[in-house]
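Chemist: Can you keep this structure in mind? I'll have questions shortly.
The values are calculated or read from the model by the stated rules, or taken from the named source; none is laboratory data. All values reported here derive from a predicted model rather than from experimental measurement. Counting neighbours? That spans all protein chains shown, and the Cβs are built from the backbone with ideal geometry, glycine included.
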Amino acid sequence: MKTSAAHGFVNQVLAYTLVGIGLTSSIGVGAVWMREQISFTANANKVLEARIADLTRRCEETTAAIAQEQDATVLLQRNTLWNLGLVPPAEGQVQRVTEDPTERLAAKRSRGIERETAAAGTVSFRVAEQP
């Protein structure tokens, strides 16, 4: 059985057509999958944004409630209502800090670390006397 050149050409065209259809369909499936992933990520971002907005709102509400409770008139009312007997501090009891609190705490922490390091490096021992 001898195949003619036309029949071989048709087989090649058919093979290339099938390969082309396979490539095109795989590109189409990839595009659909990619769109689905984009949609999934967008929905996850919306959920996260809603959660962040809710937490921000709750944080602002808590801050407002704290500020309201720290008001001087509210504190005085609570003092009289609950019979606490609290009085404002005398001027001698108040210590004002004028330096930056962050730097002050950092310096205090470093002094503590230096003391710990010095204590760890110090070795003390007793020498027993011979009779």
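Chemist: Might you let me know whether region 57-74 holds any residue that is among the β-branched types (Val, Ile, Thr), at negative phi and more than 25 Å from the chain's Cα centre (by Cα)? It would help to see each step written out before you state the result.
Modeler: Here is the first cut: in region 57-74, the residues among the β-branched types (Val, Ile, Thr) are 62-63, 66, 73-74.
Now restrict to residues that are at negative phi: 62-63, 66, 73-74.
Checking which are more than 25 Å from the chain's Cα centre (by Cα) leaves us with 73-74.
Within region 57-74, one or more residues are among the β-branched types (Val, Ile, Thr), at negative phi and more than 25 Å from the chain's Cα centre (by Cα).
Chemist: Examine region 50-60 for a residue that is in a helix (DSSP H, G or I), modelled with pLDDT under 90 and out of contact with any Asp or Glu (no Cβ under 6 Å at 6 or more places or on another chain), and state whether such a residue exists. Break it down into steps so the answer makes sense when it comes.
Modeler: In the first step, residues of region 50-60 are kept if they are in a helix (DSSP H, G or I); the result is 50-60.
So of that shortlist, the ones also modelled with pLDDT under 90 come out as none.
Looking through region 50-60, none of the residues is in a helix (DSSP H, G or I), modelled with pLDDT under 90 and out of contact with any Asp or Glu (no Cβ under 6 Å at 6 or more places or on another chain).
Chemist: Provide a single number: the residues in region 70-107 that are in a helix (DSSP H, G or I) and either touching a Lys or Arg at 6+ places or on another chain (Cβ under 9 Å) or exposed (fewer than 10 other Cβ atoms within 10 Å of the Cβ) (or both).
Modeler: The initial filter retains those residues of region 70-107 that are in a helix (DSSP H, G or I), namely 72-81, 91-93, 101-107.
Adding the requirement that they be either touching a Lys or Arg at 6+ places or on another chain (Cβ under 9 Å) or exposed (fewer than 10 other Cβ atoms within 10 Å of the Cβ) (or both) leaves 72-73, 81, 91-93, 101-103.
The qualifying residues number 9.
Chemist: Under 7 Å by Cβ, and 6 or more places apart or on different chains, what pairs join a residue from region 23-38 that is in a helix (DSSP H, G or I) and surrounded by fewer than 10 Cβ atoms within 10 Å (Cβ to Cβ) with one that is of a type outside the set (D, E, K, R) and modelled with pLDDT under 95?
Modeler: No pair meets every condition.
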